[in-house]
Each structure stands twice: as structure tokens, then as C-alpha cells.
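Undergrad: Can you keep this structure in mind? I'll have questions shortly.
The values are calculated or read from the model by the stated rules, or taken from the named source; none is laboratory data. Remember, predicted model here, so these are calculated numbers, not experimental data. Every residue, glycine as well, gets a Cβ built from its backbone with ideal geometry; the counts of neighbours run over all protein chains shown. Note: accessible area is taken over every heavy atom of the protein model, side chains too, but ligands, DNA and RNA are not part of it. Shrake-Rupley method; radii C 1.70, N 1.55, O 1.52, S 1.80 Å.
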Amino acid sequence: MRRKPIELAAVATAAVPGLTPTAVSSAPDDPADFDSALLLDSEGKRWRVRSPRHAEASARLETEFLVLRAFAPGIRAELPFLMPTVAGSVRLGTLSTFVYSHLAGSTRSVEELTAGPETLAREIGVALAAIHDLPRALVSNADLPSYTPNEFRQRRLNELDQAATTGKIPPALLRRWEHALEDVSLWRFNPCVVHGDLHEDNLLVEGQRVTAVTGWTDLRIGDPADDFAWLVASNEQDFVDAVLAGYTASRRDTPDNHLLRRAALSAEFALAQYLVKGIAAADPGMVAEAEGMLETLASDIAEHGGQPISVEPLPSPAVSAGPVTPVAPSTAEAADAGTSASDGGASDGALRAGVPAVTVVPVPAPVQPAVLVTPIPVETQPGADNVKDAKGPDDTSTAAISIINAKQT
């Protein structure tokens, strides 16, 4: 059941003792997973409330709480943007609602960001670089997921298999994605700390600068291209180039050459993940929306070619479809074939003499698995040992949290 902003304000008073809301409004968020609201209290302070709509979303908020605690004050001070601070939480049944201190800035749509000045685009790149340069110990100490390039690729292959079993993915997209995942040269990258859920709603902007980054529910060590997927999906190349320029200038490690190719794959594959999520949630609306977007994507790629993903060109469907059983040609077809043969009139003369058509028997081919996974050769990346582990005290700003069990009315 969806919670209205006024209901979230009431929940916030239970999570943060002494909080007296005087105004409330809805806040942008993922409507399938969260209900959110912005509050103004009697002292003029602002707060944000996030309430999960199901158990998986609640688990993500609890993970975010652990992530925010892992960011010690020293690490936060080095970032070029602010991060949320949890002020309190309250459990309603099996779900936990969290209240955060408000951060300066506001969200902007992708269209507003891409139409903005190049300075803002470079600021986004600087923010991305700061996230990807975070110490890897931050993730490992919090017992969060960590993937090598091979593990990440295998995980994506497993997701592709799961999506294919739905029978709702256009075959052209399945071939395109599988070919990209089999292109070993595409998956040589240096894993780093990744935000994992970065998009326009998790960036707060003020003027021409990024003031805060929110939505830390999927922090992990993995492919930095995942944080670029929403940028590539904007289809604004000048904007993407400006972000990448700011990112490259600020990162300690040089980005790999295929970063944007994998980002394009991640952006496209997100539609398949959305479809699988809709089926798992038994939500016909989500499923229909995902199917429509997948069909539109397949049509656009068929007509315009789509964004480049694989380094190697994609084989034509006729080549990848496997051996075709030959059909005996008719006399007319054989005659046509004879006139175009390399031996000129020899084939034509044989047909006039009544020589039967040659029967072509295909050579049996070994059966190949549906997806051939080739291990990625281990390759030392320059600067791979430059990432320093950082350990620090717990974040005192989120240590003291009031957790109150409340009964849902």
C-alpha cells in the first residue's frame, strides 16, 4: 500500500524524537520500491523520509545504512560532494523506514542536465571519479559485494540466461548482448568502488556544481561502466564526452578504452532486468512497459544500428543460426545455379546432357554450448596497486540512531 507524504511525516516523528513537521511534500524516488517525502520542521530544518514498499527495498535501505556508517568523517571530508546522514529509523512490521538530514541542492531531469553548461557536465565527471577512487577497503570491510572482471561477466551471462527464459526478449537483442559478453577484449578493466545506482534522481545540483550524491544502496567493487549507463542512455554525445573529460582528468587510474561500450550494454540490458523484475513481482504493468521498451530498442537498432558495443562485428543471423538442411533444387533452380558457376558452360552442359544435380551433404559440426565463456587473461593494469586501503573510526554522525518499533495503523 502506497504511503502519502502526510503519513510519512507522522512516521518521521516516531523515528526522530522531537521532530515537529510543519510542511511536507513528495520527493522524487523509484515509485516501484520507495515512498518518499521532504519535511520542514518547526526550526526550519529539512528532512527526507524513505519508506520501502517491499522486503527487498527495505533490505537495500538497511544496506545503505551500513554503507553510510562506513564513510568515516575523514573520508567524507575528501569528497567533492556531501553524503546523506541517517537521523533515525522506525520499523513498521517487517519494513524499516529511514529519515535523513536534508542536503542542499535539487534534482534535475536528464534533459535539464544535458542542456546545461559544460561546467556542470565536468562536475558530474569529477564526482564519478571521486566515487571510483574511494578505497576498496571501504567496501570489503562492510562485507559488500566485490567482483573481478570474470566474475562480473559471468554474473551478467547468468542474468542474460534468466531473461532469455521469459521468451519476451527480441532475438536480435539476445544475439547482440550475448556477442558482447563473449567478446573477451571488452571485459579487461580495473575493478573499483562503484555507486551501483547512479542516475539523475541521486544527484543534487545547485547552480553549476554537484552538491550531494544520494541513493547508496548498491555500493560494490565492480565495473565502473555501470555508473555511466544512465549517461550513455541520454543519447547526448557532447554531454557524455564532457562528463568523460572531467572524469578522466580527475581519476588516479586511466579509464579503459571500452568503458562507454560496456556502459551502453549496461543501459540496454537494464530493460531486460526491469522485465525480469516485473515478472517476479507479478506486475502486468511493469511487464508490458518493459516489453514495449525492448521492442522499441530492437526496432531502433535494426533501423539505425544502435550504439557500438562489441569490438568485433556482430555475425549475421544466417551465420549464427547454425547449419541449414539443404533442399534439393528444382531443374530451373539448378540451371540458374549452373550459369553462375565458376566453370562457366561446363555445369550448363552437364545439365543439358541429363546429368543429375549434385547432392550436397553437410559436414556434421560439433555441438556448441549456448553460451561459450572464455576466461579473461590476467593482465596487470597500470596503477592497479595505487589504490590505498583506508580505515577509520565509525561515522559518529550516524552512530546514535533511535530505532522505535511502531505498529502500523
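Undergrad: State all residues of the stretch 250-285 that are open to solvent by 20 Å² or more (accessible area, probe 1.4 Å) and of a type in the set (A, V, I, L, M); if no residue qualifies, say none.
TA: Answer for the stretch 250-285, where residues must be open to solvent by 20 Å² or more (accessible area, probe 1.4 Å) and of a type in the set (A, V, I, L, M): Leu260, Ala267, Ala270, Leu271, Val276, Ile279, Ala280, Ala281, Ala282.
Undergrad: Of all helices (runs of 4 or more DSSP H) completely enclosed by the stretch 161-269, which ones contain at least 1 residues that are free of Cβ contacts under 8 Å to residues at least 24 places away in the same chain?
TA: Answer list for the stretch 161-269: 171-182, 237-250.
Undergrad: Any chance the stretch 137-153 includes a residue that's acidic (Asp, Glu) and at positive phi? Spell out how you get there, then give the answer.
TA: Going residue by residue through the stretch 137-153, those that are acidic (Asp, Glu) are 143, 151.
Subset that is at positive phi: 143.
So far as the stretch 137-153 goes, yes, one or more of its residues are acidic (Asp, Glu) and at positive phi.
Undergrad: Same structure again: Within the stretch 100-132, restricting attention to residues that are charged (D, E, K, R) and farther than 22 Å from Ala77 by Cα, which residue is most open to solvent (accessible area, probe 1.4 Å)?
TA: The extreme case among them is Glu111.
Conditions (1) open to solvent by less than 20 Å² (accessible area, probe 1.4 Å); (2) part of a loop (DSSP other than H, G, I, E, B); (3) under 27 Å from Tyr274 (Cα atoms); (4) among the hydrophobic types (A, V, I, L, M, F, W, C), marked per residue:
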{"residue": "Thr13", "(1), (2), (3), (4)": "no, no, no, no"}
{"residue": "Leu19", "(1), (2), (3), (4)": "yes, yes, no, yes"}
{"residue": "Ala37", "(1), (2), (3), (4)": "yes, no, yes, yes"}
{"residue": "Leu40", "(1), (2), (3), (4)": "no, no, no, yes"}
{"residue": "Val49", "(1), (2), (3), (4)": "yes, no, yes, yes"}
{"residue": "Ser89", "(1), (2), (3), (4)": "yes, no, no, no"}
{"residue": "Thr97", "(1), (2), (3), (4)": "yes, no, yes, no"}
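Undergrad: Could we say that Leu128 is part of a helix (DSSP H, G or I) and at pLDDT 90 or above here? Spell out how you get there, then give the answer.
TA: On the way: part of a helix (DSSP H, G or I): yes; at pLDDT 90 or above: yes.
It is true that Leu128 is part of a helix (DSSP H, G or I) and at pLDDT 90 or above.
Undergrad: Somewhere in the stretch 67-85, is a residue buried (at least 18 other Cβ atoms within 10 Å of the Cβ), in a strand (DSSP E or B) and under 25 Å from the mean Cα position of the chain (by Cα)?
TA: The answer is no; no qualifying residue exists.
Undergrad: Ok, one more. When residues of the stretch 144-158 are filtered for being closer than 29 Å to Thr254 by Cβ and part of a helix (DSSP H, G or I), how many remain? Before you say what the answer is, go through the steps one by one.
TA: As a first pass, look at the stretch 144-158 and keep what is closer than 29 Å to Thr254 by Cβ: 144-157.
From the residues that got through so far, the ones that are part of a helix (DSSP H, G or I) too are 149-157.
Counting residues in the stretch 144-158 that are closer than 29 Å to Thr254 by Cβ and part of a helix (DSSP H, G or I) gives 9.
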